[in-house]
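The values are calculated or read from the model by the stated rules, or taken from the named source; none is laboratory data. In this text the structure is predicted, and so the values were computed from the model without any measurement. FYI the Cβ positions are ideal-geometry reconstructions off the backbone, even for glycines, and counts take in every protein chain you see.
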Amino acid sequence: MTAARDHEPGLDDLGPTALLDALATVDRRSRQAEADKLALAYQWAITHPATTQTGTSTWGGDSFLLTDESLGGDGCPSVEAFAAEPLAVTLEISPASARQLIADALDLRHRLPLCHAMVETLKVPAWKARRVATATNALSREAAAEVDRRLAPRLKHAGPRTIDKAIAMVIAKHQPEQHAQTEEAATAGWEVTLFTPDTPAYAGTSELHITGDTLGLTRLYQHACQQAAAAGKAGDDRPLGARKAEALCGLVNTPPGSPDSRCATTSTTSETVLYVHADLTDLLDEPASTGSTTGIGEVEKLGPLTTAKLHDWVGHTRVKIQPVIWMNTGQAAHPEPTLDRHDPPERIRETVILRDKTCVFPGCQVDARRCDLDHIEPYNPHGPPGQTSPSKLAALCRRHHRAKTAGLWRYTRLPTGVFEWRGPGGITALR
């Protein structure tokens, strides 16, 4: 039995380069269409202003009393009640979706001008800017402007996760007390539950679900991984997951100090590394930068965190302060470290990871800590000295490292720090 393949007329005659050119053309048309839709929705909104006769269109319902509420955020003009319904019928979408379209159009025009400009010039698809608008709708105009300044330069290559984290950080900075309340409220959801599947296939097997303090659970997980690895080296050939599970069971099943335990506790040797980005004033008891008593820091991979929570973590663990890594190397006062070996030391590795943040392939969002450190120019053991330095290394996820090794893609790091990629068919891209 063979499956028939349908082809668009004329596409079979296009080569790889022509196909990519056609795809780029279609994408540009799509971006233009979405930008036009936002522009038309905005025009519809401002030609239907709220009055004492029409009422105001709001999220909580349509009121026939003129209030300060409207679909757009702080600083946007009000829109008359039921203005979204004609759009919903015309576009064959729900009224809620139509209200969201109007709100996003208003917010982008009046509160997020930099993100709006990225859509207008077709540098980013509209969905990215609309995601920012939706997430910042309830913020003050000042807070929305800060999100706009921070995120617009990164929006072209930002994925949903990057967008959401940047917004969460700004929200926490502008509403630290609220974020502190959110952290406190989160503890109410901590729980440990045991689930035993009611099926013979899971005989003697259960699932333990834990929701709790990130630092504590990270230590518990690291302990399980360390013990599982040690058991494997000692000859235990069971799957890694089984060894991890037994390591946790060993915490209660094995008397402390027992030499026979496969899962002897070694929690005193475990180490959790957290990278915290915070203003020094926020680490004081009474942060002076905002006039608030709650400081906000950003923890790598976790997002915003109150300094009160950081103090709590630090107060219950052994702390090792890492030296400051000077990122702006290459200056006379801070010459770039170079080595004559292939593998970089930890300090150079950390510099590259903190600089790149993610895989440097355009659009790739794999965290740099999960990436390989690639020599941009292949390392030559018989080559010149100083081949290993931060400027000659880059974070590449395994997939894009293989693509480079296979010769499908090549890249260079420009003096500005931008990575220039060249791919099949003459494709070029900047990151």
Quick one: is Q222 out of contact with any Ser or Thr (no Cβ under 8 Å at 6 or more places or on another chain) and either over 16 Å from L302 (Cα atoms) or free of Cβ contacts under 8 Å to residues at least 24 places away in the same chain (or both)? no
Name the pairs: first residue in the stretch 410-431 and in contact (Cβ under 8 Å) with a residue 60 or more places away in the chain, second residue assigned to a loop (DSSP other than H, G, I, E, B) and small (G, A, S), Cβ to Cβ under 8 Å, at least 6 apart or on different chains? A429/G423; R431/G363
Selection from the stretch 89-105 of residues over 26 Å from the mean Cα position of the chain (by Cα) and within 15 Å of D74 (Cα to Cα) yields I102
State all residues of the stretch 356-387 that are touching a helix residue (DSSP H, G or I) at 6+ places or on another chain (Cβ under 7 Å) and crowded, with 19+ Cβ neighbours inside 10 Å; if no residue qualifies, say none. D356, T358, C359, F361, A368, L373, D374
Quick one: in the stretch 408-430, which of the residues that are over 24 Å from E336 (Cβ atoms) and out of contact with any Pro (no Cβ under 9 Å at 6 or more places or on another chain) is surrounded by the fewest Cβ atoms within 10 Å (Cβ to Cβ)? G426
May I ask you to verify whether P86 is within 33 Å of the chain's Cα centre (by Cα) and modelled with pLDDT of 80 or more? no
Options T67, T58: the member that is surrounded by 14 or more Cβ atoms within 10 Å (Cβ to Cβ) and at pLDDT below 65: T58
Residues being charged (D, E, K, R), assigned to a loop (DSSP other than H, G, I, E, B) and within 15 Å of the chain's Cα centre (by Cα): count how many of those fall in the stretch 114-169. 1
Looking for something closer than 27 Å to K357 by Cα, at pLDDT 90 or above and not in a loop (DSSP other than H, G, I, E, B) - is there at least one such residue anywhere in the stretch 224-232? yes
Enumeration of residues in the stretch 416-430 that are of a type in the set (S, T, N, Q) and closer than 14 Å to S391 by Cβ: T416
Filtered residues of the stretch 372-386 (kept if of a type outside the set (S, T, Y), more than 12 Å from K404 (Cβ to Cβ), in contact with a strand residue (DSSP E or B) (Cβ under 9 Å, 6 or more places away or on another chain) and part of a loop (DSSP other than H, G, I, E, B)): P385, G386
Got a number for residues in the stretch 380-408 being closer than 17 Å to Q365 by Cβ and hydrophobic (A, V, I, L, M, F, W, C)? 5
Examine the stretch 390-407 for a residue that is surrounded by fewer than 19 Cβ atoms within 10 Å (Cβ to Cβ) and touching a helix residue (DSSP H, G or I) at 6+ places or on another chain (Cβ under 7 Å), and state whether such a residue exists. no
Residues that are in contact with a Lys or Arg (Cβ under 7 Å, 6 or more places away or on another chain), within 30 Å of L122 (Cα to Cα) and at pLDDT below 85: does the stretch 246-256 have at least one? no
